[in-house]
Amino acid sequence: MAHSAVIFFKEQAENVMSTKTDSTKKAEDWFQEGLAAGQTGDPRTCLESYKKAIEIDPDHFLAHFNLAIRYGKITMNIEAARHFREALRLKPESPMVHYSLAVVCNLIGETDNAFHHYREAIRINPDFGKAHSNLAMLYYSIKRGKEAIHHLLKAVEMFGKTGDEFMAENAQSILKDCYKEFNLTENDCRTL
């Protein structure tokens, strides 16, 4: 009995020491721990570390952004959107945050917000091929052919510049179908 009591008290002391150590960590330390956990394939520790970083520093941009990405990977898209919005509050001119928020908004049925954030990503970075491609697909889903083709043309151009042959070929294939479906030509859609 005395031996188990010693083990119990030793564990309690270790827990207290761990808590003291944890409380001295800075937000950046927790963020770095989250990055390391993500790289080693430990999503639970990754999420918890990013959350602790945000508890200490609610304006830690990368903690919000990476937490949102992690939530997206486990299809907790409403939480992902919440943290992408926080990241956007901190860096409103980040095309990647707008793009990422648009992807999640589309998944949770916030189509108007998805349109808005894809457009913002493109406004900030007109050469953002994936934003053009995804925006084209949104326009296609509501049968706005001219806009869909316009953004697919932009996507093909951007993917060509970046050497992403797979995405360029995919967009070209969809373009051919759109020309037929909407009875439009490339020249009809170069400008909006």
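Hey, can you list the DSSP H helices of the chain whose Cα span along the axis is 15 Å or longer and whose average Kyte-Doolittle score is at least 0.5?
Going by DSSP H runs, the hits are 95-107.
Both the radius of gyration and Dmax for segment 126-192 are 10.6, 30 Å, in that order, over alpha-carbon atoms. With each label modelled as a point 7 angstrom along the Cα→C-beta vector, the Thr185-Asp57 pair spans 5.6 nm. Over all distinct Cα-Cα pairs of segment 75-145, the Kirkwood formula returns a hydrodynamic radius of 11.9 Å.
Put in line by how crowded their Cβ is, counting other Cβ atoms within 10 Å and starting with the fewest, Ile69, Ile149 read Ile69, Ile149.
Under 30 Å of direct C-alpha separation, and excluding same-chain neighbours fewer than eight residues apart, Lys25 reaches these lysines: Lys10, Lys51, Lys52, Lys73, Lys91. The local environment of Gly41, defined by Cβ-Cβ distances under 13 Å, has a net charge of +2 under the rule Lys, Arg +1 and Asp, Glu -1. For Asn77, neighbours were defined as the other residues whose beta-carbon sits under 14 Å from its Cβ, and their charges (Lys and Arg +1, Asp and Glu -1) total +2.
Remind me, relative contact order of the chain in percent, using alpha carbon pairs under 8 angstrom and six or more residues apart? About 10 percent, as a whole number. Which percent of the Cα-Cα distances in segment 26-114 go past 21 Å? That fraction is 27 percent.
Highest mobility in the GNM of the chain, judged by mean-square fluctuation with C-alpha springs under 10 Å and restricted to Ala27, Ala63, Ala121, is found for Ala27. Straight-line cross-link reach from Lys176 at under 18 Å between alpha-carbon atoms covers these lysines, not counting any fewer than eight positions away in the same chain: Lys143, Lys146, Lys154. Across segment 126-192, C-alpha contacts under 8 Å between residues 6 or more apart give a mean separation that, scaled by the residue count, equals a relative contact order of 34 percent.
Read the figures in this text as sums done on the coordinates, not as results from a lab. The structure displayed is predicted, hence computed values, not measured ones. Every residue, glycine as well, gets a Cβ built from its backbone with ideal geometry; the counts of neighbours run over all protein chains shown.
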